[in-house]
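Report on the following structure.
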Amino acid sequence: MEQAEARQRIEQLTEQLNYYNYRYYVLDAPEISDEQYDAMLVELERLEEQFPELLRSDSPTQRVGAEPSDEFETVEHTVPMLSLDKCFNEDELIEFDRRLKRHVGMDEDEDIRYVCELKIDGLAVSLRYEDGVLVQGATRGDGARGEDITPNLKTVRSIPLRLRGEPPAIIEVRGEVFLPISEFERINAEREAAGEETFANPRNCAAGSVRQLDPSITASRRLDIFCYGTGEVVGGDWASHSEELEVLRELGCKLNPHIGSVASIEEAREFCADWTARRQELDYAVDGVVVKADSVELQQRAGATSHGPRWATAFKFPAVEAETVVTDIEVTVARTGQLTPVAIMEPVFVDGSTVSRAVLHNEDEVARKDVRVGDHVIIRKAGDVIPEVVRSLPERRTGDERQFQMPDECPVCGTEVVREEGEAATRCPNLNCPARRLSLLLHWAGRQAMDIDGLGEAVGKQLLDRGLVERPEDLYTLGAEQLEDLERMAEKSAQNLIDAIEASKERGLERLLFALGILHLGRTAAARLAESYSSLREIADAEQEELEQVPEIGPKIAESISDFFSRPENRDLPERLEELGVRTTRLEHEGPVGTPLEGLTFVFTGALNGMTRSEAEEKAANLGGRATSSVSSHTDYLVAGPGAGSKLDRARELGVEVISEEQFLKMIGEAED
């Protein structure tokens with residue numbers, strides 16, 4: 001490449017990367033995937049190495065992040081919060097090891113001991129403690145200066161306000177604030193229900209949460225943190241990073257449980273390969289593994305560049321996001337009659353599998369993301385299985401794209417569709433719609449419902465088309481000889497399916513409730529109903545107001561249950577199922593367990609001294625009780641600590657017994673003598 005051509009490309013990359021940097025770090029609104037950004041940054045770094053005279057002062061390679069927002073006070077980092085060089089495959093990881101050995105004068109056949117830590121996809125923060133007390137919390141910002149977000153970080157329960165033991169006079173703890181994936185899904189569900197824009201990913205939500213001007217909003221997000229090192233330290237030292245982590249642990253800082261101390265780069269490579277395969281097991285997002293030389297003496301000899309330390313690198317996992325093109329948007333019909341747009345895309349390999357379809361949920365979601373037929377889009381694997389469209393790329397449009405419009409009629413049965421006021425879903429109201437009947441049958445046979453192995457879409461469609469089954473309960477009238485006539489169904493496979501149908505009769509009340517496919521009734525709500533009622537008939541006879549008193553059963557779910565059992569075809573459903581041999585009562589383990597807190601419901605409020613609220617709730621659950629977030633007439637005890645507010649008033653109003661943390665501990669046999 002000639003210098004003139006290189007100059008033009010460097011200018012182009014610098015402008016683009018600075019813009020994407022601003023979108024990602026300042027606005028928390030990324031426009032491209034991490035993989036695309038990293039690829040552009042690597043290209044720029046290599047051009048600058050080849051043509052050092054073209055290095056610009058505003059190059060993204062000369063900075064760690066973006067300028068801090070002016071909405072908060074600026075904090076000067078005493079010790080810069082540097083970034084990390086990256087490697088994208090095992091060969092580059094091995095080369096990092098060789099490069100480090102050359103720099104510190106080690107022989108190539110000598111081994112360096114490393115510490116491997118999962119790279120949390122959150123927001124890097126600095127926590128300054130003086131005499132053991134948290135005095136300041138800040139974002140990384142541009143590495144030299146960050147934003148003072150102390151009040152917000154104090155709302156993160158896993159961040160200690162006072163360190164344990166005998167901490168150094170000054171210690172600056174570095175960590176990564178993140179949002180658990182389950183919490184991210186809860187927040188997005190609430191925002192979607194409220195008609196608010198959802199967050200793109202957990203990191204985006206975590207960043208937006210800690211940078212709220214109102215700390216109460218941050219507190220509502222249930223953020224978490226993993227600490228991974230220190231900055232400025234006065235009055236303490238250690239010989240290795242492993243010792244540094246142990247000191248942090250002893251001081252009460254939360255560390256990631258999956259930290260590996262390895263004897264060589266080969267063992268580090270194995271650690272990276274292991275977690276590349278296992279990352280989806282976690283309830284938080286990770287995008288790689290940080291590999292650090294363990295010896296502090298070696299770290300000091302290696303030193304750092306203006307960008308990051310020479311003794312550490314970030315091994316990046318393969319991308320879970322990719323770019324593709326939407327070739328069509330089809331509409332499917334679910335068991336509830338909901339019409340769901342589905343993006344049909346050019347196949348693309350993402351996180352271990354080829355993706356060609358992604359659910360777009362509803363008409364409003366398509367409009368919010370502005371997804372059109374012909375669009376270039378960024379897709380992401382969610383939960384390692386279900387792909388989703390993250391956003392469209394309008395800057396890639398040619399003018400030939402076509403906007404999506406929800407059909408006026410059901411694409412399967414031709415019935416005019418309806419959309420109730422206040423709902424995002426468009427539905428086919430025809431209960432006999434073939435698509436609804438097939439979807440309900442497959443839902444009934446699903447693993448989380450009645451778990452009928454062998455009843456897939458091909459078999460289900462034949463059963464319906466031939467009139468062998470009209471409703472799911474008709475499955476229990478079938479004989480093996482009827483199934484043998486189906487396509488690709490031999491005598492043995494027919495008997496296996498009959499055996500699976502017979503076994504499904506004993507799934508119990510909770511799974512039966514879920515299998516019924518009642519609108520808005522999910523697994524959690526079904527479990528709560530099975531704890532409160534002993535049979536399907538009791539639930540069918542319950543008034544709507546009574547159902548609403550069950551924890552996690554709100555007015556919408558209660559109304560849906562009442563509507564379901566009020567239909568003529570469902571009024572005698574419990575008895576029909578019983579006659580067919582299906583168990584309509586709860587299993588032993590579905591009811592309250594014979595333990596000290598058997599059947600009791602607790603609400604915890606205010607400050608607890610000896611445990612966190614989540615720990616208290618877990619103790620109650622482990623001993624047969626149930627913990628809920630709101631006080632109702634079904635609450636047995638309110639455990640109130642200092643600072644209890646409206647929940648305490650509500651408990652007194654309803655006559656709910658109020659006890660202290662100490663009284664609760666006595667109930668479970670954990671009070672100190």
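The values are calculated or read from the model by the stated rules, or taken from the named source; none is laboratory data. This is a predicted model, so every value here is computed, not measured. A quick note on method: Cβ atoms are made from the backbone with ideal geometry, for glycine too, and the neighbour counts reach across all protein chains shown.
Structure notes:
- One residue from GLU416, GLU423, GLU470 being over 36 Å from the mean Cα position of the chain (by Cα) and more than 23 Å from LEU577 (Cα to Cα): GLU416
- Taken over segment 74-91, the criterion of being free of Cβ contacts under 8 Å to residues at least 40 places away in the same chain and either in contact with a Ser or Thr (Cβ under 9 Å, 6 or more places away or on another chain) or part of a helix (DSSP H, G or I) (or both) is satisfied by ASP91 alone.
Rundown of residues vs (1) within 22 Å of GLN299 (Cα to Cα); (2) touching a Leu at 6+ places or on another chain (Cβ under 6 Å); (3) surrounded by fewer than 15 Cβ atoms within 10 Å (Cβ to Cβ); (4) not basic (Lys, Arg), yes/no style:
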residue: ILE94; (1), (2), (3), (4): yes, no, no, yes
residue: GLU110; (1), (2), (3), (4): yes, no, yes, yes
residue: GLU117; (1), (2), (3), (4): yes, no, no, yes
residue: ARG128; (1), (2), (3), (4): no, no, no, no
residue: PHE178; (1), (2), (3), (4): no, no, no, yes
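- Top-ranked residue of segment 293-314 - restricted to ones that are under 16 Å from GLU92 (Cβ atoms) and not in a loop (DSSP other than H, G, I, E, B), ranked as farthest from the chain's Cα centre (by Cα): ALA312
- Some residue of segment 480-499 being over 41 Å from the mean Cα position of the chain (by Cα), buried (at least 17 other Cβ atoms within 10 Å of the Cβ) and not in a helix (DSSP H, G or I): yes
- Taking first residues from segment 491-503 that are in the same structural domain as ALA445 (by TED's automatic domain parsing) and partners that are in a helix (DSSP H, G or I), the Cβ contacts under 7 Å between residues at least 6 apart in sequence or on separate chains come to ALA494/ALA480; ALA494/LEU483; GLN495/ALA480; LEU497/LEU483; ILE498/ALA480; ILE498/LEU483; ILE501/LEU475; ILE501/TYR476.
Let's see how each residue does on (1) modelled with pLDDT of 85 or more; (2) over 30 Å from SER242 (Cβ atoms):
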| position | (1), (2) |
| --- | --- |
| TYR19 | no, yes |
| PRO52 | yes, yes |
| MET81 | yes, no |
| GLU117 | yes, no |
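- Where a residue in segment 175-200 is in contact (Cβ under 8 Å) with a residue 40 or more places away in the chain and its partner, wherever it lies, is among the polar types (S, T, N, Q) and assigned to a loop (DSSP other than H, G, I, E, B), with Cβ under 6 Å and at least six apart: GLU192/THR198
- Tabulated pairs, segment 463-481, first under 13 Å from PRO434 (Cβ atoms), second among the small types (Gly, Ala, Ser) and exposed (fewer than 14 other Cβ atoms within 10 Å of the Cβ), C-beta under 8 angstrom, 6+ apart or interchain: none
- Within the set PRO642, PRO574, the sole residue that is at pLDDT below 85 and either outside the structural domain of PRO472 (by TED's automatic domain parsing) or of a type in the set (A, V, I, L, M, F, W, C) (or both) turns out to be PRO642.
- Yes/no for THR354 being of a type in the set (Val, Ile, Thr), assigned to a strand (DSSP E or B), surrounded by fewer than 19 Cβ atoms within 10 Å (Cβ to Cβ) and not assigned by TED's automatic domain parsing to the domain that holds ASN256: yes
- Boolean, THR398 is over 28 Å from ASN256 (Cα atoms) and either touching a Gly at 6+ places or on another chain (Cβ under 9 Å) or among the hydroxyl-bearing types (Ser, Thr, Tyr) (or both): yes
- When residues of segment 203-246 are limited to those that are part of a loop (DSSP other than H, G, I, E, B) and basic (Lys, Arg), the one surrounded by the most Cβ atoms within 10 Å (Cβ to Cβ): ARG221
- Within segment 284-295, restricting attention to residues that are in contact with a helix residue (DSSP H, G or I) (Cβ under 7 Å, 6 or more places away or on another chain) and at pLDDT 95 or above, the residue that is nearest to ALA206 (Cα to Cα) is VAL289.
- Listed by first and then second residue, the pairs linking a residue in segment 155-173 that is in a loop (DSSP other than H, G, I, E, B) to a residue that is hydroxyl-bearing (Ser, Thr, Tyr) and buried (at least 22 other Cβ atoms within 10 Å of the Cβ), with Cβ atoms under 6 Å apart and 6 or more places separating them unless they lie on different chains, are THR155/THR218; LEU163/TYR129.
- Residue match in segment 493-503 (condition: of a type in the set (Val, Ile, Thr) and at pLDDT 90 or above): yes
- Positions within segment 248-264 being surrounded by fewer than 19 Cβ atoms within 10 Å (Cβ to Cβ) and in a helix (DSSP H, G or I), in sequence order: ARG249, GLU250
- Filter pass, LEU468 being among the hydrophobic types (A, V, I, L, M, F, W, C) and either within 18 Å of GLU506 (Cα to Cα) or in a helix (DSSP H, G or I) (or both): no
- Looking only at residues in segment 523-544 that are aliphatic (A, V, I, L, M), more than 20 Å from ASP636 (Cβ to Cβ) and out of contact with any strand residue (DSSP E or B) (no Cβ under 8 Å at 6 or more places or on another chain), the one that is modelled with the lowest pLDDT is ALA525.
- Among residues of segment 315-328, those that are in a strand (DSSP E or B), aliphatic (A, V, I, L, M) and crowded, with 18+ Cβ neighbours inside 10 Å, counted: 2
- Test: residue in segment 369-377 that is surrounded by 14 or more Cβ atoms within 10 Å (Cβ to Cβ), touching a helix residue (DSSP H, G or I) at 6+ places or on another chain (Cβ under 8 Å), assigned to a strand (DSSP E or B) and at pLDDT 95 or above: yes
- Residues satisfying the criterion are absent from segment 516-535 (criterion: free of Cβ contacts under 8 Å to residues at least 12 places away in the same chain and assigned to a helix (DSSP H, G or I)).
- Residue that is touching a Pro at 6+ places or on another chain (Cβ under 7 Å), in a strand (DSSP E or B) and in contact (Cβ under 8 Å) with a residue 12 or more places away in the chain, where the choices are VAL342, VAL331, VAL366: VAL331
- Taken as a whole, the structure places ARG576 among residues that are closer than 23 Å to LEU513 by Cβ, among the basic types (Lys, Arg) and part of a helix (DSSP H, G or I).
- Among the residues of segment 401-460, those that are surrounded by 13 or more Cβ atoms within 10 Å (Cβ to Cβ), of a type in the set (Asp, Glu) and within 30 Å of ARG586 (Cα to Cα) comprise ASP451, ASP453.
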